[in-house]
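Visitor: Here it is: the structure, laid out below.
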Amino acid sequence: DGPDVVEALGVLGLKSPLTGPFHLGGRLAPAADAVGVTLSGEVEGVTASAQGTVSALLRPDRIDARVEASGPEAAVVGAWTGVVGVPRRPFDLAGRLNRDGSRLSFDDLRIHAGGTSLTVSGSLGELPRCVGTDLGFAATGTDLSELSALTRLRLPAKTFRIGGRFLRRLDGLAIDGVELNTGGATIHAAGTIGEPPR
C-alpha cells in the first residue's frame, strides 16, 4: 500500500497515467528455470492481476503470464500504451502475454470497452518501430462512431463487425484480409497504409 502510485512506479523507472493511493500484493515461488509470480493491484478503481512465470525478477527476458484488468475508463489503457482516441467507457481485458527477448506476443487477448469487444492474437515487432508486427484481430460493437477518434475517420453510428491482420513492415503499416460489415455493407481492404501516424 502507498500514498502515490506515480512515485512508487518512478522508483522502478515506470510511468503511470493514474495517480493517488494504491494497493499491490503478490507472491513469488521457485519454478523450473524461472520464478513463479502472482500479482494483483488496484488504483483509482482500476484493478489488475497477472499470474505466470518470469525468467528472472530483475531481468525478465522471458515472461509467460495470464493477465486481467478492469476499470471505469478505457482511455486509461490508451494513455498507458500511447494510443490516442480510446473511448471513455468502462473496460475489462484478459488474455495471455508472452515475452521472449524483444518479442512480445498475445494469445486471445480479449478487450471489452462499452459496447465494443476486441480479440487480438499475434506478436509485436521490436520497439520502437515494431517492424515485424503481425497481429490478427476481430471486433464487434454496437456503435462504430465510437472508434472515430481512434481511427481519425468519420464513422457511422451503426453496429459493426470487423476482422483482419495488422502488419508492420519496413515500408510502413499494412493491413491484410480486413473485412468490415456495417449498415448492410461489406468493405474488404488490404495493402500498405503508410508510415504511422500518417
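The values are calculated or read from the model by the stated rules, or taken from the named source; none is laboratory data. As the structure is a computational prediction, the values presented were derived from the model and not from experiment. Note that each Cβ is placed from the backbone with ideal geometry, even for glycine, and that neighbours are counted across all protein chains shown. Keep in mind that these areas ignore ligands, DNA and RNA; they rest on the heavy atoms of the full protein, side chains included. Shrake-Rupley method; radii C 1.70, N 1.55, O 1.52, S 1.80 Å.
Visitor: Hey, if we sort 33, 107 by accessible area with the 1.4 Å probe, largest down, what's the order?
Guide: Putting 33, 107 in descending order of accessible area: 33, 107.
Visitor: Still on this structure, please answer the following. Short version: ³J(HN,Hα) in whole Hz for each residue of the range 148-160, in order, from phi by Karplus 6.51 cos²θ - 1.76 cosθ + 1.60 (θ = phi - 60°), x for Gly and Pro, what are they?
Guide: Once θ is set to phi - 60°, the couplings for the range 148-160 become 4, 5, 5, 8, 6, 10, 8, 10, x, 7, 9, 5, 8 Hz.
Visitor: Could you tell me how far the Cα centroid of the range 59-131 sits from the Cα centroid of the range 144-198, in Å?
Guide: For the range 144-198 versus the range 59-131, the Cα centre distance is 18 Å.
Visitor: Oh, and also: Taking amide H positions as placed in the peptide plane 1.01 Å from N, state which residues far from residue 74 in sequence (5 or more) or on other chains have amide H under 5 Å from it.
Guide: 89, 91
Visitor: Here's another thing I want to ask about it. What per residue convex hull volume, in Å³, comes out for the range 115-198 when only alpha-carbon positions are used?
Guide: So the per-residue hull volume is 92 Å³.
Visitor: Roughly how many Å² of residue 182 are accessible to a 1.4 Å probe, to the nearest 10?
Guide: For residue 182, the solvent-accessible surface is approximately 20 Å².
Visitor: Continuing with the same structure: Which of the trypsin sites (Lys or Arg not before Pro) across the range 9-117 are loop residues per DSSP, with 13 or fewer other Cβ within 10 Å?
Guide: Listed in order of number, the matching sites are 15.
Visitor: Let me ask something else about it. In terms of modelled amide H atoms, which long-range or inter-chain residues lie less than 5 Å from the amide H of residue 4?
Guide: 22
Visitor: Quick one: the Cα spread of the chain along its three principal axes, in angstroms, biggest first?
Guide: Dimensions of the chain along the principal axes of its Cα atoms: 53, 33, 26 Å.
Visitor: Ratio of the range 37-143's C-alpha Rg to 2.2 N^0.38 Å, to two decimals?
Guide: 1.10
Visitor: What residues qualify as long-range amide H neighbours of residue 133, i.e. H under 5 Å apart, gap of 5 or more or another chain, H built at 1.01 Å from N?
Guide: 125, 168
Visitor: Once the principal axes of the Cα atoms of the range 58-119 are found, what is the range along each, listed largest first in whole angstroms?
Guide: Principal-axis extents of the range 58-119 (Cα, largest first): 35, 21, 16 Å.
Visitor: A further question follows. Helix-derived [θ] at 222 nm for the chain: sum -39500 (n - 2.57) over DSSP H runs of at least 4, divide by residue count, nearest 500?
Guide: -2000 deg cm²/dmol
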